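Structure record follows, encoded as C-alpha cells.
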Number of protein chains: 2
Amino acid sequence: MSKYDPLPSWQEGKVKKRIIEFVEQVTDESSEYFVEPADRIATFDNDGTLMVEKPVMAQVAYFKRKLLNAGVLNNVSTVQRIFHWLKEILFDSGSLLKLTLYFFRQGITTDEYRASVALWIAKARHPRFNKKYTELTYQPMMEVLAYFEKHSFANYIVSGSTANFIRPWSKTSYNIAPNRVIGSSLRTCLSLRNGEMAVKLEPIPFSIENRSRKVLSIERRLAQRPIAAFGNSYGDVDMLRWSRTTKQSLCVLIHHTDDVREYKYSPDSFFCLGKNTLQYANELNWQVVDMKKDWKQIF
Amino acid sequence: MSKYDPLPSWQEGKVKKRIIEFVEQVTDESSEYFVEPADRIATFDNDGTLMVEKPVMAQVAYFKRKLLNAGVLNNVSTVQRIFHWLKEILFDSGSLLKLTLYFFRQGITTDEYRASVALWIAKARHPRFNKKYTELTYQPMMEVLAYFEKHSFANYIVSGSTANFIRPWSKTSYNIAPNRVIGSSLRTCLSLRNGEMAVKLEPIPFSIENRSRKVLSIERRLAQRPIAAFGNSYGDVDMLRWSRTTKQSLCVLIHHTDDVREYKYSPDSFFCLGKNTLQYANELNWQVVDMKKDWKQIF
C-alpha cells in the first residue's frame, strides 16, 4: 500500500482491501471493470450504516422531543411505554411513518419541517454518548464517502427515515447534497401561505423506503443501478442484491458487533421470515464489516 | 454586448436581454441577486418547450407506431380516429397515461422500455419535417441550456411524458443526464427475470407530472426551488409561478406563434377554467417568447 491511506480508521483486513481494490478497478481505464464516472453510483443506508441508530433512530428521538414539547406525552411512564414500543418496531418503517403522520396532521410546509429539524439537530444530544447526533456518524464510513467522492462517485443516501429529516444536515455531515437524499416521504400539496406558494405536507404516506422500495426509488430517480451499496439491516438486503447485478459491484453489510464502543445487535427484524440478512451476505459474498474488529475508531 | 454572444439564434430584444441580465446577476458575487452554484436550479418542460410537440408529442408518435406494429390498430381510419382524439386531449397527461397503461399491461422492465424507445427514436421521422425527433429540438433553447450549464446551473427536465421516454436520448440531445429527467411514471415492482433482479413496470400510474404535480415532484426530489423555469402551456403555469417566489427568478413562456416555420397554437387546454396562461404571464411579468419574432432559427 502506498503512503496515502484512504481509509485510516479501517483495520487492515479483507474488507478494507476489497474496498480499495474495487475503487482501483472501476477507476482504471485499462481494467475490464472500468466504470465511467457518470455511472459510479454509490448508495448508503443512513441509520446504523452512516450514523448511530440505537437506542432509537435520530428521527424517532426528534419525534419524542416534539411529543414532549406538545404536551402530548405528559408523564414519563407514557413516554417509556411508547418508546419501548418504538424500540420493538425499530425496523418497521411503516410504524415510523404512523408517528410521522401524527405530527403532520395539522399541516406544516416542507420548509417549516426542515427548519424544525435543523433547530433540533443543532442542540439535541444522544442519551448515552452525550454528543450531538451529527457527531455520532461513523468515522470509517466518512472516509469511504470521501474516498468515493475523490474518485468521482456520486454518493446517495437511501433511508427509511424521511428525506426531509436528513436533508438539513446531509451536506455538512456527509458532503451529500440534499437532492441526493432519497427517503420516506409524505404526500404533499400546493398551498398559498402568507400570499406565497408553499408545499404543504399531508398526513398521508407517499413512500416508505424499505426493502424493495429502496430499489424501486433508486431506479425511478436515477434509471441506474448502484455499483456500490452499503447497509446494515434486512431493510437493505434488496438494495445490496440489486447492486450486485452490475458487472462490478461492492456490497457491504455493517454488522453491529461492538457493545463496548457502540451497540451489538442483529441486522434482522422479526419481519424477516425467509433467509436472514447474514445468510444473504454469506451466500452472495458481500463484505461484512465486523465493527469490533474492522473499525479502529467508531466516531 | 461583448463579442461573445451566448444566444446567437435569439433576436436582440426584451427576452434575450433579460435572460442574459439574469445570468449575469445570479453569477456576480457582488450582486444582491447572486445565487450560489448549488442553488442554480433551472427546470424545463420538454414537449413544446425544448422540442416540437405537434401534430402529436413524440411519446404519442411512439405509441402510435407500437400500436400499429402490434396490429392493435389494423386500419387507417381507426388510427385516424384515435389520433384525432389524442390531439384533442393533447394537454391532458392523464389520457397519455391511459395509453401508456395499455402498453404495459403485459409487463416489461424499465430497461426494456428504455431500449425500445432508444430504437424507435433513432429511426422515427416527423410527418411534416421528415426529420428525426431529436433533430427537432429548438436551437434557441439548446443555446439557453448550454449558456446555463456554462454558468454552473443544473438543468432539469420536468415533463408530462414519461421520464423513461426522455432518458434514452436526454444526454445526447440536451446534455442532461438521465437522473435529471423528472417525468410521469408508472408503478414498478421488483421481479426476477432470467435469474436476475429487474424492475418491472406495472399498468398503474404512479405520478402524472402536470400543473401542481410538477412543483411537488421538483420539491420532493430537490428540496429546492428553481430560480429559472421554462414552459409553454397551462400545465407549466404552477412551475413558473413557484419559481417566481425565489428572490431572483427567470420565468419564460414559449408562445407558439409561427405557423410557417413551426406551428401556431394556444398555450391553454380546454381544462383551463380560471385565468389563462397568457393572463398569468402578463400579470406576473414572465418573459413571453414570440417564436415568430424572437427566434431567428427554430431548429
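For the reader, a short list of remarks on this structure follows.
- Sorted shortest first, the distances from the B:Leu192 label point to those of the same residue in the other copies are 5.5 nm; each point sits 7 Å from Cα along Cα-to-Cβ.
- Placing dummy labels 7 Å off each Cα toward the beta-carbon, the span from A:Lys171 to A:Asp28 is 3.7 nm.
- A:Glu112 paired with B:Gln139, simple spin-label distance in nm, labels 7 Å along Cα-to-beta-carbon: 5.1 nm
- With contacts taken as Cα pairs under 8 Å and at least 6 residues apart, region A:175-227 reaches a relative contact order of 29 percent.
- On the beta carbon distance between B:Lys14 and A:Lys3, with R0 = 56 Å, the FRET formula returns roughly 0.40.
- Positive minus negative residues near A:Trp169 (Lys, Arg vs Asp, Glu; Cβ under 13 Å): +4
- Residue-level result for chain B: its Cβ closest to the axis carrying B onto A, with that distance in Å, is B:Arg221, 4.
- A:Cys189-B:Asp259 FRET efficiency (beta carbon distance; Förster radius 56 Å; 0.05 resolution): 0.90
- Position B:Lys131, label points 7 Å along Cα→Cβ, spacing to each other copy in nm (shortest first, one decimal): 6.0
- Label point 7 Å beyond Cα along the C-beta direction, distances from B:Lys17 to other copies (nm, shortest first): 7.0
- Over 30 Å (Cα to Cα) - which of A:Lys16/A:Lys123; B:Lys14/B:Lys275; B:Lys123/B:Lys275; A:Lys54/A:Lys296; A:Lys17/A:Lys214 fall in this group: A:Lys16/A:Lys123; B:Lys123/B:Lys275
Read the figures in this text as sums done on the coordinates, not as results from a lab. Because the structure is a prediction, the values reported are computed rather than measured. Don't worry about glycine lacking a Cβ; one is built from the backbone with ideal geometry, like all the others, and counts go over all protein chains shown.
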